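Enquirer: Supplied in structure tokens, the structure appears directly below.
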Amino acid sequence: MRADARRNRDRLLAEARTAFLDHGTDASLEDIAARAGVGVGTLYRHFPTREALLAELLRERFDALAADAQKLAGHPSPREALITWTLDFVQTTTVYRGLTAAVTATLNDPGSALHASCEMMRDAGTALLTRAQEAGEVRGDIAPLEFLALVAGSSWAREQMAGGDLHGDRLLLLLFQGLDCPDAGDRPAR
């Protein structure tokens, strides 16, 4: 990539990050291009869709989450590993208002630029859930997609209540109390 094209791309990413933080994932792409000092055609040459732009902004975060899931797979408490990863996942997917819906929607859209990253997150969460189930630390009767739907719902609630009275981490911990195996005994709240 030529130096001027790389500068344009970097400016677009910086402006998109700011716009998505300020206005959510529905921020105007035209405004992002204007703030970066380029035309909207330049934006679309680098990022043909909104999802492609989001995918580039989230790539490092999602790669880090996948690596964390690998590390947590060796944690002595599979339940604690699942909780730790899930809390990190929710923080990542709520960084931009509207991102939870975008991430959830792309799981069923293999053509989306976000699909591969979201599928990687689904696989990481599924592996940690399965390990916790096999250890008898969480209910065995919850399917991975049910678990991810509950997490997405908690993420959405956290996103909607930002700055409100709802404490997002507490909501997730309540969810995990509901996932505990009935015979696993009382577990302290994390």
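The values are calculated or read from the model by the stated rules, or taken from the named source; none is laboratory data. All values derive from a computational prediction rather than experimental measurement. Don't worry about glycine lacking a Cβ; one is built from the backbone with ideal geometry, like all the others, and counts go over all protein chains shown. SASA here: full protein model, heavy atoms, side chains in, ligands and nucleic acids out. Shrake-Rupley method; radii C 1.70, N 1.55, O 1.52, S 1.80 Å.
Enquirer: Give me the accessible area per residue for the chain, probe 1.4 Å, as a whole number in Å². Before the final figure, lay out the partial values.
Expert: Working: 9850 Å² over 190 residues.
Accessible area per residue, the chain: 52 Å².
Enquirer: Round to the nearest 10 and report in Å² the accessible area of residue 17, as given by a 1.4 Å probe over the protein chains' heavy atoms.
Expert: Approximately 110 Å² for this residue.
Enquirer: Apply the Karplus curve 6.51 cos²θ - 1.76 cosθ + 1.60, θ = phi - 60°, to the phi angles in segment 27-34 and return the couplings in whole Hz, x for Gly and Pro.
Expert: Going residue by residue, I get 3, 5, 5, 5, 5, 4, 4, 4 Hz, with x marking Gly and Pro.
Enquirer: Next up: How far, in nm, would the chain grow between residue 30 and residue 173 when pulled straight, counting 0.36 nm per residue and subtracting the alpha carbon separation? Can you show the working numbers first?
Expert: Details: separation 143, 0.36 × 143 = 51.48 nm, distance 3.98 nm.
Net length gain for the segment: 47.5 nm.
Enquirer: Using θ = phi - 60° and the Karplus relation 6.51 cos²θ - 1.76 cosθ + 1.60, list the HN-Hα couplings for segment 91-107 in order, rounded to whole Hz, with x at every Gly or Pro.
Expert: 4, 5, 7, 10, 5, 10, 4, x, 5, 4, 5, 5, 5, 5, 5, 6, 4
Enquirer: Related question: Taking the radius of gyration and the Kirkwood hydrodynamic radius from Cα positions alone, what is the Rg/Rh ratio for segment 1-48, to two decimal places?
Expert: Numbers: Rg = 10.0 Å, Rh = 10.5 Å.
When Rh is taken as the Kirkwood radius, the ratio is 0.96.
Enquirer: Moving on to the next point. Given a 1.4 angstrom probe, I'd like the percentage of the accessible area of the chain that is carbon and sulfur, rounded to a whole number. Present the calculation step by step, with values, prior to reporting the outcome.
Expert: Values: 4990 of 9850 Å².
In the chain, the share of accessible area belonging to carbon and sulfur is 51 percent.
Enquirer: Only residues of segment 59-76 count here: report those whose backbone N is under 17 Å from the spot 7 Å along Cα→Cβ of residue 130, or say none.
Expert: Those under the cut-off are 66-67, 69-75.
Enquirer: Give me, ordered by chain and number, the residues 5 or more places off residue 180 or on other chains with an amide H under 5 Å from its own placed amide H.
Expert: When sequence neighbours closer than 5 places are left aside, the close amide H contacts are 139.
Enquirer: Here's something else I'd like to know. If you place +1 on the Cβ of every Lys and Arg, -1 on the Cβ of every Asp and Glu, and leave all else neutral, what size is the dipole of the chain about its Cα centre, to the nearest 20 Debye?
Expert: Numbers: 21 positive and 27 negative charges, 138 e Å.
Computed charge dipole of the chain: roughly 660 debye.
Enquirer: OK, next. Under a Cβ-Cβ cut-off of 14 Å, what is the net charge of the residues other than residue 8 that fall near it, where Lys and Arg count +1 and Asp and Glu count -1?
Expert: On the way: positive: 2, 6, 7, 9, 11, 35, 45; negative: 4, 10, 15, 56.
Net of charged neighbours comes to +3.
Enquirer: I want to verify a result. In a Gaussian network model of the chain, Cα cutoff 10 Å, which of these has the top mean-square fluctuation: 153, 74, 24?
Expert: Looking only at 153, 74, 24, the biggest GNM fluctuation is shown by 74.
Enquirer: Moving on. Please report the relative contact order for the chain, taking Cα pairs under 8 Å with a sequence separation of at least 6, and give it as a percent rounded to a whole number.
Expert: Numbers: 181 pairs, mean separation 37.7, N = 190.
Worked out over the chain, it gives 20 percent.
Enquirer: Quick check: with the 1.4 Å probe, what order do 141, 109, 180 take by accessible area, largest first?
Expert: Working: 141 105, 109 70, 180 25 Å².
In descending accessible area the options line up as 141, 109, 180.
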